[in-house]
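Heads up, the thing below is written out as C-alpha cells.
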Amino acid sequence: MKIQNIIFSLIFIFFSFPLFGKDLIKIHSIHKETFSCTEHWAGQFKYAGDALGTDCVIGGWYEDEKRLFQKSFINDGFKNEDWFGFKKNVLAPCDCEVIDVSVNEVTNEPGIMTPGRASSIVFQTANGSKVLLAHVRDIKVKKGDLVKQGNVVAKVGNNGYSRSPHIHIGAWDVKGNPLQIRFDQKTLSLSDRE
C-alpha cells in the first residue's frame, strides 16, 4: 500500500507541475554585478508593475584583513555616487519589444523621494506578458525597438518614488495579473567576482 501512495504522489506531482508557476515569469539577470532584491509582498501594491514587484540593488565588497562582505554603498550613502550601482548597466530582461519608455529628468538625493513617475521601460514578450524596469537613467532604447536578453538598455538611476539607486522590476500577464519575478540563474554572470 505504501508503494502505491508513493507512486500516486509522484504521478500527481509530475502532472501538476505545469499548474504551478503560471504566475511566474523567468527573466534574464538585469545586472552583471552582484545584486540583491527585496520583493513586494502580495497585497502591498495593487497596480500592475508594482504588485509582486522586486527592487534590486547592486552591492560592492567590503574587505579588510579579516572580513569580506557585501554592502550597498560607501561613506554615509548620502550621494548617489556613494552607491555601487549608480550608473551601472541595466540589461534587457528578455527577447522582447520595447512598448513604452518614460523619462523623469529629476535625480533624487539618497533618502529623499521626489514624487512623480519614475523613468522606466516596459517590454512585451512573445506571449504578451509585460516586464517593467523602473528608476533607470540614460535610456538606450525607444518604443518599437526589439531587444535581446542581456543587451544594455539603460543605467541604474534614482528617480520617481525612489530613495536610493536601484532598479524596480514588475511584470504582469496579458490580463493584467501580476507575475512573480524569477531570474534565470544561468544568466547571473557576476563579473565583479571574476
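The values are calculated or read from the model by the stated rules, or taken from the named source; none is laboratory data. The shown structure was predicted, so the numbers you read here are calculated from the model rather than taken from an experiment. Reconstructed Cβ throughout: ideal geometry from the backbone, glycine too, with neighbour counts over all protein chains shown. Each accessible area value is taken on the protein alone, full model and side chains, heavy atoms only, with ligands, DNA and RNA left out. Shrake-Rupley method; radii C 1.70, N 1.55, O 1.52, S 1.80 Å.
So here's what we get for this one:
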| item | result |
| --- | --- |
| Violating pairs (Cα-Cα greater than 28 angstrom) within the set Lys32/Lys140; Lys71/Lys130; Lys88/Lys148; Lys26/Lys87; Lys87/Lys142; Lys88/Lys142 | Lys71/Lys130 |
| Computed magnitude of the charge dipole of region 132-174 (debye, nearest 20; Cβ of K, R +1, Cβ of D, E -1) | 180 |
| Contact order normalised by residue count of region 114-194, Cα under 8 Å, 6+ apart, percent | 29 |
| Point-to-point label distance, Asn177-Asn127, nm (Cα→Cβ direction, 7 Å offset) | 1.1 |
| Whole-percent carbon and sulfur share, accessible surface of the chain, 1.4 Å | 55 |
| Relative contact order %, region 25-182, counting alpha carbon pairs below 8 Å whose residues are six or more apart | 28 |
| Loop sites in region 49-123: trypsin sites (Lys or Arg not before Pro), DSSP, at most 10 other Cβ within 10 Å | Lys66, Arg67 |
| GluC sites (Glu not before Pro) lying in DSSP loop within region 49-98, provided at most 10 other Cβ fall within 10 Å | Glu65 |
| Solvent-accessible heavy-atom area per residue, rounded to whole Å², over the chain at 1.4 Å | 61 |
| Helix-only [θ]222 nm of the chain, DSSP H runs n ≥ 4, -39500 (n - 2.57) each, per residue, nearest 500 | -2500 deg cm²/dmol |
| Nearest-ten-degree value, helix 2-16 long axis tilted from longest Cα axis of the chain | 50 |
| Selection of chymotrypsin sites (Phe, Trp or Tyr not before Pro), region 28-108, meeting DSSP coil and at most 10 other Cβ within 10 Å | Trp41 |
| Label-point separation, Lys142 to Lys66 (7 Å along Cα→Cβ), nm | 5.7 |
